[in-house]
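The values are calculated or read from the model by the stated rules, or taken from the named source; none is laboratory data. Not measured: the values here are computed from a predicted model. No Cβ is skipped: glycine too gets one built from the backbone with ideal geometry, and neighbour counts run over all protein chains shown. Ligands, DNA and RNA are stripped out before the accessible areas are found, and what is left, the full protein with its side chains, is counted by its heavy atoms. Shrake-Rupley method; radii C 1.70, N 1.55, O 1.52, S 1.80 Å.
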Amino acid sequence: MTTPRTPLLVGDGLRKSFGRTQALDGAGLSVSTGEVLAIMGASGSGKSTLLHCLAGIVRPDSGTISYGGADLVGMDDKGRSALRRNEFGFVFQFGQLVPELSCLENVALPLRLTGAKRKPAEAEATEWLARLEVDGLAKRRPGDVSGGQAQRVAVARALVTGPKVVFADEPTGALDSLSGEKVMRMLTEAAREAHAAVVLVTHEPRVAAYADREIVVRDGRTVDRELVA
Ligand SMILES: Nc1ncnc2c1ncn2[C@@H]1O[C@H](COP(=O)(O)OP(=O)(O)OP(=O)(O)O)[C@@H](O)[C@H]1O
């Protein structure tokens, strides 16, 4: 899993301020197809801002981001939304599932948004729920399942469109350690099988242990884990 591969997503010299707070001060990283990369660091160091920049959610003040050779910083909002919808998947800490929809409808939603008809979308969603071992919850609403189950539904939803990159921001942050381990194992196994890269923000070493490689963010700058004493 650690053989060198062609970088898929590369950020370099990224700077971003919110008012007088400098969240990023020259951060950079690269992730390759099929690679699981953990971004670690203390609270407020800039991890989420870095992930949001790389995912095309937040535009950096300066620096470059290349995705498959395309310039993500210079791309217009329409192009960035299309990329997020078609090429990226997202798993956040909590609250990402639509409460009014069933778990099945939640997983089918990204496919529906890309124009798929209800039946094939739900058939695909059913397969993903089964892979994440939550197919028994298909008809339930997110509010009626456990936190760990909801995160596995969220992982199914992130992967259902066959994304090239999955961005996961503290995906186990609201879970007990046992449920967290299960979510991480399933997320990384499913992503590896699908040859998707994973960019994972976490402050927990146990969670980062599922990654192929770790980088650390300190005061808005990135350092390779191997170089950190
Ligand atoms: N939308 C925003 N508006 C104002 N300040 C922000 C915003 N987003 C981030 N910041 C600030 O930028 C800095 C970096 O925040 P960021 O969320 O990226 O850090 P983090 O390492 O992910 O933190 P945590 O582990 O606590 O989630 C912090 O000082 C934060 O308060």
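Is the shape of region 99-229 best called rounded, prolate or oblate, per the rule: a/c under 1.5 gives rounded, else a/b larger than b/c gives prolate, else oblate, with a ≥ b ≥ c the square roots of the Cα gyration tensor eigenvalues? Prolate shape, in that a/c is at least 1.5 and a/b is the bigger ratio.
Please state the shape class of region 1-102: rounded when a/c is under 1.5, otherwise prolate if a/b exceeds b/c and oblate if not, all from the C-alpha gyration tensor. Rounded. Evaluating 6.51 cos²θ - 1.76 cosθ + 1.60 at θ = phi - 60° for every residue in region 170-181, the Karplus couplings come out as 6, x, 10, x, 9, 10, 5, 5, 5, 5, x, 4 Hz, glycine and proline recorded as x. Mean-square fluctuations from a GNM of the chain, with a 10 angstrom spring cutoff on Cα atoms, peak among L101, L29, L113 at L113. The residues of region 7-223 have, on average, 45 Å² of accessible surface per residue, using a 1.4 Å probe with all protein chains present. Are there any trypsin sites (Lys or Arg not before Pro) in region 1-99 that are in a DSSP loop and have at most 11 other Cβ atoms within 10 Å? List them by number. In loop regions of region 1-99 (DSSP not H, G, I, E or B), the sparsely surrounded trypsin sites (Lys or Arg not before Pro) are R20.
Ligands, DNA and RNA left out, the 1.4 Å accessible surface of the chain is 50% carbon and sulfur atoms. For the chain, the dipole from Cβ point charges (+1 on Lys and Arg, -1 on Asp and Glu) about the Cα centre works out to 460 debye, to the nearest 20. Proximity of backbone amide H atoms, modeled 1.01 Å from N, is registered between A168 and V91, V199, L200, V201 at under 5 Å, excluding neighbours fewer than 5 places apart on the same chain. Quick note on region 7-223: its Rg to Rh ratio, both from C-alpha atoms and Rh being the Kirkwood radius, is 0.97. Each of L178, T126, P7 was placed along the dipole of region 7-223 (beta-carbon charges, centred on the mean Cα), and the one lying farthest toward the positive end is T126.
Between E193, E122, E170, the Gaussian network model of the chain with springs among Cα atoms under 10 angstrom shows the greatest mean-square fluctuation at E193.
Subtracting the Cα-Cα distance of R118 and H195 from 0.36 nm times their residue separation leaves 25.1 nm of extension gain. Shown here for region 102-192: trypsin sites (Lys or Arg not before Pro) in loop regions (DSSP other than H, G, I, E, B) with at most 10 other Cβ atoms within 10 Å, namely K117, K139. If contacts are Cα pairs under 8 angstrom and at least 6 residues apart, what is the relative contact order of region 7-223 in percent? Taking the mean separation of contacting Cα pairs over the length of region 7-223, I get 32 percent. Compared with the direct C-alpha span, the chain from Q22 to R185 gains 55.3 nm at full extension, assuming 0.36 nm per residue.
Dividing the helix sum by the residues of the chain, where each DSSP H run of 4 or more adds -39500 (n - 2.57), gives a mean residue ellipticity at 222 nm of -10000 deg cm²/dmol. With an a/c value of 1.5 or above and a/b not larger than b/c for the gyration tensor axes a ≥ b ≥ c computed over the alpha-carbon atoms, region 134-187 is described as oblate. Using a 1.4 Å probe, how large is the accessible area of L187, given in Å² and rounded to the nearest 10? So the heavy atoms of L187 present about 0 Å² to solvent.
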